[in-house]
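The structure appears right after this line, and notes come after that.
The values are calculated or read from the model by the stated rules, or taken from the named source; none is laboratory data. Fair warning: this is a prediction, and the values are worked out from it, not measured in the lab. Reconstructed Cβ throughout: ideal geometry from the backbone, glycine too, with neighbour counts over all protein chains shown. We work out accessible area using only protein heavy atoms, side chains counted, and drop any ligands, DNA or RNA first. Shrake-Rupley method; radii C 1.70, N 1.55, O 1.52, S 1.80 Å.
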Amino acid sequence: MDREQEDMQFLGLFGIYLESFKIIFNFRRTFSKITLALILPLSLIFLAHIEVSEFILSKIIRTEHYRYRVREGTYRYAKLSDRLSSERAAFWLVNFAYFTFFLVFSLLSTSAVVYTVASIYTGRDVTFRKVMSVVPKVWKRLMVTFLCAFLAFFLYNVVAGLTIIVLLFIIILSFPTEYTDKIVLFFSFVIMILYAVGFVYMTLVWQLASVVSVLEDIKGFKAMIKSRNLIKGKMWIAMVIFFKLNLAMMGIQILFKSVVAERGTFGIAGRLGFGFLCVLMLFKVFLFGLVIQTVIYFVCKSYHHENIDKSSLSDHLEVYLGEYVPLKAKDVQLEQFEV
């Protein structure tokens, strides 16, 4: 990353993409190893979950169909009910295992990529061995931030749900019956839009807070507050990048589900080819997204005129190589500079 930090505030959408691509290309050997060790398994877990879930769901639907045609109270009905219970238990067990492993590899991948990009920024010698020795220490900080973000999302959904219930109750009591359906439909649409905007905003704050947790001496809710302040002014760029990356992931997911998981018109060779293509595209999206996430952090710092002292940041990164001791605030001082 050869660009001066004060110049990074002027990076737009294309500039952020270009800077991220240059980082990956110039250090492709290190990023390739990180991808093989962490991001590739993350991609395989993501796609394998689609395949396994689709298989179990098809069995559940088939068993429910058979049971529906059998008279209740018979031996056959009891056997089908037991089988249905087992298949539903397997479905939830697979989902629990998926979210557990996906979370672990997601945090490990984020730790590795953020540390690598920050090391490149400070001009430190970065190797795959160093990165992997740091990851087990960094991801613990990310876990704290994730748990705080999870709690925030949970409360957000609770408040949104209660708001919808109260609003529907008021509409039903306040308006004539013949207008209720249209009014409910209108307000439901408005609430869905507002909910989606809030959800995206909280996701962006959480993603940037993950970078803050690695590169600064704060984590959890403090990191999320810091992230919320940093993202101001660059919100629209962050949103556009978020939608583009998620649109790419959605496209890969639809392609994999329709061709591979649902066993479309292609044969085994075709399904294997499309499966390989989906894995290839997905880990590239994951890697590119994590690098962009870190670049946006430096762009936001520059936009708010917070100059990160490279020597202090380098010292902060060096701590991860030894026994982890949190730095004092003065050790990672973020100085202000005038533009």
Assess whether V131 counts as being in contact with a Phe, Trp or Tyr (Cβ under 8 Å, 6 or more places away or on another chain), modelled with pLDDT of 80 or more and in a helix (DSSP H, G or I).
yes
Say we look at region 65-104 and pick out the residues that are of a type in the set (K, R) and in a helix (DSSP H, G or I); which of these is nearest to F146 (Cα to Cα)?
R88
Would you confirm, using the coordinates I've provided, whether I296 is assigned to a helix (DSSP H, G or I) and either open to solvent by 50 Å² or more (accessible area, probe 1.4 Å) or without any contact (Cβ under 8 Å) to a residue 12 or more places away in the chain (or both)?
no
Within region 145-181, restricting attention to residues that are open to solvent by 80 Å² or more (accessible area, probe 1.4 Å) and touching a helix residue (DSSP H, G or I) at 6+ places or on another chain (Cβ under 7 Å), which residue is modelled with the highest pLDDT?
I172
Here are some conditions: (1) in contact with a helix residue (DSSP H, G or I) (Cβ under 9 Å, 6 or more places away or on another chain); (2) more than 21 Å from I296 (Cα to Cα); (3) in a helix (DSSP H, G or I); (4) among the hydrophobic types (A, V, I, L, M, F, W, C). W139 meets all but one. Which one does it not meet?
(2)
For region 37-88, what are the residues that are in contact (Cβ under 8 Å) with a residue 12 or more places away in the chain and among the polar types (S, T, N, Q)?
S43, S53, T63, S81
Quick check, is E87 charged (D, E, K, R), open to solvent by less than 50 Å² (accessible area, probe 1.4 Å) and over 27 Å from the mean Cα position of the chain (by Cα)?
yes
Within region 299-310, how many residues are modelled with pLDDT under 70 and part of a helix (DSSP H, G or I)?
1
Give region 37-70 a look and list any residue that's open to solvent by less than 60 Å² (accessible area, probe 1.4 Å) and of a type in the set (S, T, Y), or say none.
S43, S53, S58, T63
Scanning for something farther than 30 Å from Q293 by Cα, open to solvent by 20 Å² or more (accessible area, probe 1.4 Å) and either modelled with pLDDT of 90 or more or of a type outside the set (F, W, Y) (or both), does region 93-107 turn up at least one residue?
yes
On the given criteria, is F55 part of a helix (DSSP H, G or I) and either over 22 Å from V131 (Cα atoms) or among the polar types (S, T, N, Q) (or both)?
yes
